[in-house]
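Here, each number is a calculation from the coordinates, and none is a lab measurement. Values in this document were obtained by computation on a predicted structure and should not be read as measured data. Glycine also receives a Cβ, built like all others from the backbone with ideal geometry; neighbour counts cover every protein chain displayed.
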Amino acid sequence: MSLPPPDLDAAVAHLRGGGLVAFPTETVYGLGARARDPLAVRQIFAMKGRPADHPLIVHLAEASWLSRWARLDGPLGSLAGPLAAAHWPGPLTLILPRADGVPDEVTGGLDTVGLRVPGHPLARALIAAVGEGVAAPSANRFGCVSPTTAAHVRAELGPTLWVLDGGACTVGVESTILDLSGEVPALLRPGGVSLAALEAVAGPVQRGGRTRAPGTLASHYAPRTALILTDDVDGERARHEARGLRVATLAAGEPQEHARRLYAELRRLDLTGVDVLVAERAAPGGLGDAINDRLTRAAHEHPPSTLNPTSDRG
Ligand code: TXA
Ligand code: MG
């Protein structure tokens, strides 16, 4: 039986006591622990099945907490304030040199830390009441599709986890990650804030960074069913149906709506028992870049050449 949804006060007490609480953000649900509690943070990795060297984002209640977690005296430190002013609360994560005392468990041993102020009111209320940073990856098993509802979290991580229910996430894909720890700003992951919006504040941004991050593994965000990303949905569908495969399609649409529904659709289609998901590539730019990034990684898991009409995934 699932636990009933906790209220905010109970969730705050649970986090303060070293427990884990899944909570809604505007992007996807996060699996949170007090970021300064290494034992609690280790539980996140255990629950997700995530390798320990993959760093977590620390979620803050407000931008004024930045200096508790990051050093702003590097070459790009002066960009953090204007970027935070323009995009926080919101779907932007900044990578900065870490301040003294930020646990290795959070940063995966890196000398940098990822920080963001989420926009969802329940997330901010939770973090403000805890009174300190909350480390949280997306609340899914490592490599799988991120959850955008409380029910998805329970389906991924089990019925005994504490889950604050804040409804369906409005952005639907993870935050944009901008690395400010080097010599030039670098986009590590496209997301809810577009490259153009970043460049309007930070000047030219390099695509792709020097840091390896798990969300940047070639294969990630993957449904169990094989997925093909294409501009020609009808052609791909016909090709696979001709081989006797059962095909479901995912059409691109208006980008905000497409992003908002993307992961729920992948979960739903994954349960239909088809052999192949054929997803239409989104128009590039803005959220389309984030959608195509996730679908490209989802597609990497099962190259089309491995598809087999007799496959039965049970
Ligand atoms: O929208 C989001 O960002 C969601 C919500 C819950 O805030 N969180 C999320 O966390 O997507 P996660 O752990 O699933 O993905 C965070 C990404 C990972 O690819 C991680 O490697 C990268 O952020 N990251 C975190 N700290 C980093 C660091 N110091 N340097 C480079 N990459 C970092
Ligand atoms: Mg994730």
### Summary
The residues Tyr29, Tyr221, sorted from fewest to most surrounding Cβ atoms within 10 Å, come out as Tyr221, Tyr29
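Among Thr160, Thr296, Thr27, what is the fewest-to-most ranking by other Cβ atoms within 10 Å? Don't jump to the answer; show the numbers that get you there.
Working: Thr160 9, Thr296 17, Thr27 30.
In order of increasing Cβ crowding within 10 Å: Thr160, Thr296, Thr27.
So if we plug the beta-carbon distance of Glu257 and Glu199 into 1/(1 + (r/R0)^6) with R0 = 25 Å, what FRET efficiency do we get, rounded to 0.05? Write out the running numbers ahead of the final one.
Values: r = 25 Å, r/R0 = 1.00.
So, using R0 = 25 Å, E works out to roughly 0.50.
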### Query
Of the residues Ala128, Ala150, Ala222, which exhibits the maximal mean-square fluctuation in a Gaussian network model of the chain defined by a 10 Å Cα contact cut-off?
Ala128
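Kirkwood Rh over Cα pairs of segment 2-207 into Stokes-Einstein at 10 °C, 1.306 mPa s: D in µm²/s?
Values: Rh = 16.7 Å.
So the translational diffusion coefficient is about 95 µm²/s.
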### Message
Suppose only helical runs count, i.e. DSSP H with n ≥ 4. What mean residue ellipticity at 222 nm does that imply for the chain under -39500 (n - 2.57) per run, divided by all residues and rounded to the nearest 500 deg cm²/dmol?
### Response
-9500 deg cm²/dmol
### Query
If you build a Gaussian network model of the chain, linking Cα atoms that sit under 10 Å apart, which residue out of Ala40, Ala298, Ala85 swings the most?
Ala85
### Query
Given a Förster radius of 25 Å and the C-beta distance between Ala13 and Arg42 as r, what FRET efficiency does 1/(1 + (r/R0)^6) yield to the nearest 0.05?
0.75
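What does the charge count around Gly192 come to, taking other residues whose C-beta lies under 13 Å from its C-beta (Lys +1, Arg +1, Asp -1, Glu -1)?
On the way: positive: Arg116, Arg189, Arg260, Arg294; negative: Glu26, Glu174, Asp289, Asp293.
Value of the local net charge: 0.
Based only on other Cβ atoms within 10 Å, what is the fewest-to-most ordering of Cys169, Cys144? Each step should come with its number before you reach the end.
Numbers: Cys169 26, Cys144 21.
Ranking Cys169, Cys144 by Cβ neighbours within 10 Å, fewest first, gives Cys144, Cys169.
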### Extreme residue, positive dipole direction of segment 93-221, given options Pro204, Leu180, Ala128 (C-beta unit charges)
Pro204
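Under the definition of Cα pairs under 8 Å and six or more residues apart, what whole-number percent is the relative contact order of segment 1-54?
Details: 44 pairs, mean separation 12.0, N = 54.
That works out to 22 percent.
May I ask for the net charge around Leu94, where only other residues with Cβ less than 11 Å from the Cβ of Leu94 are counted and Lys, Arg are +1 while Asp, Glu are -1?
Values: positive: Arg116; negative: Asp179.
Charge balance in the 11 Å sphere: 0.
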